[in-house]
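A.B. asks: Sharing a structure, written as structure tokens. Questions coming.
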Amino acid sequence: MKAHLFPDNTVLCNFAAVDGLDLLKSVLGGRGRWTEAVAYEASRSAAKLPSLLRLPLEGWLDEPIEITDPADMQRIARIRRAVFGGMDDQPLKHLGEAQTCYVIKNWASFAGSWWISDDREAIRHAKFQNIITRETIDIVSIAVADGEIDAAEAFSLMQQMAASDRHLRLPKSVDDFRR
């Protein structure tokens, strides 16, 4: 079975900002997943990026993964505070990152899954935990390799993301997608 792919809210917003959720959906190829905290973050981000409202209706990220075991919830809370600097007075801040890292690392059904994020600190932590990480630029590169878009379109798409006030690693030129 192929690995599950977990985009975080930053990645969902990057694609939503340029009307590119269908491209993300195509690259995820039916393997997309999200936790309940990421689903909630996306619903809040929909105030600025309304296309995010489609995500739960279309179902290509499946149902949000619910964490109900009290021991899991305590461990996630510790990760949220210790690793991501989450404060007790902001219980939802960094919860999506903590939940995603936790389920990929600790739930056998998600072993080998990828975490897709553009958050530098989150990526650093995930790599330290031996979680496979990818960024938006990697997803766009996969879209080029799969023939979903050509290199020039990919470069333009990422430039549009940056122009939409999205903060992500960008290609230096269109040639970065031709390698």
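A.B. asks: I'd like the distance between the alpha-carbon centres of the range 1-24 and the range 138-179, rounded to an integer number of Å.
C.D. replies: 14
A.B. asks: If I build a Gaussian network model for the chain, linking alpha-carbon pairs within less than 10 angstrom, which residue out of Ala163, Ala151, Ala39 has the largest mean-square fluctuation?
C.D. replies: Between Ala163, Ala151, Ala39, it is Ala163 that shows the largest mean-square fluctuation.
A.B. asks: I've got another one for you. Which order do Leu61, Leu157 fall in if you start with the one that has the fewest other Cβ atoms within 10 Å?
C.D. replies: By the 10 Å Cβ count, ascending: Leu157, Leu61.
A.B. asks: Classify the range 1-108 as rounded, prolate or oblate, taking a ≥ b ≥ c as the square roots of the eigenvalues of its Cα gyration tensor: rounded when a/c is under 1.5, otherwise prolate if a/b is larger than b/c and oblate if not.
C.D. replies: Oblate, because a/c is 1.5 or more while a/b does not exceed b/c.
A.B. asks: What size of dipole, in debye to the nearest 20, comes out for the range 45-179 about its Cα centre when the only charges are +1 on Lys and Arg C-beta atoms and -1 on Asp and Glu C-beta atoms?
C.D. replies: Around 540 debye, computed over the range 45-179.
A.B. asks: Let me ask something else. Roughly how many debye, to the nearest 20, is the charge dipole of the range 1-111 about its Cα centre, given +1 on each Lys and Arg Cβ, -1 on each Asp and Glu Cβ, and no other charges?
C.D. replies: The dipole of the range 1-111 has a size of about 280 debye.
A.B. asks: How big is the Kirkwood radius of the range 140-179, worked out from every pair of different alpha carbons and given in Å to one decimal?
C.D. replies: 10.1
A.B. asks: Another question about this same structure. Residue-wise, which Karplus ³J(HN,Hα) couplings in Hz belong to the range 53-64, taking 6.51 cos²θ - 1.76 cosθ + 1.60, θ = phi - 60°, and x for glycine or proline?
C.D. replies: 5, 5, 3, x, 6, 7, x, 6, 9, 6, 5, x
A.B. asks: Of Ile67, Met87, Ala108, whose Cα points farthest to the positive end of the dipole of the range 1-124 (charges on the beta-carbon: +1 Lys, Arg; -1 Asp, Glu; origin at the Cα centre)?
C.D. replies: Farthest along the dipole direction, towards plus: Ala108.
A.B. asks: Nearest 10 degrees is fine. How inclined is helix 70-82 to the longest principal axis of the chain, computing both from alpha carbons?
C.D. replies: 60
A.B. asks: A further question follows. Relative to the first principal axis of the alpha-carbon coordinates of the chain, what is the inclination of helix 95-106, with its axis defined by its Cα atoms, in degrees from 0 to 90 and to the nearest 10?
C.D. replies: Between helix and principal axis, roughly 80 degrees.
A.B. asks: Among Ser109, Ser45, Ser117, which one moves the most in a GNM of the chain with springs linking Cα atoms closer than 10 Å?
C.D. replies: Sorting by GNM fluctuation, first place goes to Ser109.
A.B. asks: Placing one identical point scatterer on every Cα of the range 96-179 and ignoring solvent, what is log10 I(q)/I(0) from the Debye formula at q = 0.13 Å⁻¹?
C.D. replies: Rounded to two decimals, the profile gives -0.48.
A.B. asks: For Ala152 and Arg120, FRET efficiency with R0 = 30 Å and r from the beta-carbon atoms, rounded to 0.05?
C.D. replies: Calculated value: 0.60.
A.B. asks: Can you tell me the 0 to 90 degree angle between the C-alpha axis of helix 151-163 and the longest principal axis of the chain, rounded to 10?
C.D. replies: 50
Read the figures in this text as sums done on the coordinates, not as results from a lab. Model, not experiment: these values are computed from the prediction. Virtual Cβ from ideal backbone geometry, glycine too; neighbours counted across all protein chains shown.
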